[in-house]
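The values are calculated or read from the model by the stated rules, or taken from the named source; none is laboratory data. Given the structure is predicted, the values throughout are model-derived calculations rather than measurements. Just so you know, the surface numbers come from the protein's heavy atoms only, side chains and all, with ligands and any DNA or RNA stripped out. Shrake-Rupley method; radii C 1.70, N 1.55, O 1.52, S 1.80 Å.
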Amino acid sequence: MSILLTRIVNDKERYYKLNIEFNLFEEYLVENIYGSVKNKTPTGVIQKIFVTKKEAIKIYILLLYKLKH
């Protein structure tokens, strides 16, 4: 599952992409990718790995809430 949010900060368009996926090691990866639309590469990539789906979804929802507020 992936969500892409964009917003304008100081006349610059920024993006935030939030991903949650199941990997080959039977773990859940929550990934937060962010940066400026003008740049080819993201400013930052934060990855967190969780053993259970419940933990991963909890963090995913918390990150989504932080991005929207």
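Data for the structure
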{"read-out": "Carbon and sulfur %, accessible surface of the chain computed with the full protein complex present, 1.4 Å", "value": "57"}
{"read-out": "Accessible area per residue, Å², the chain with all protein chains present, probe 1.4 Å", "value": "80"}
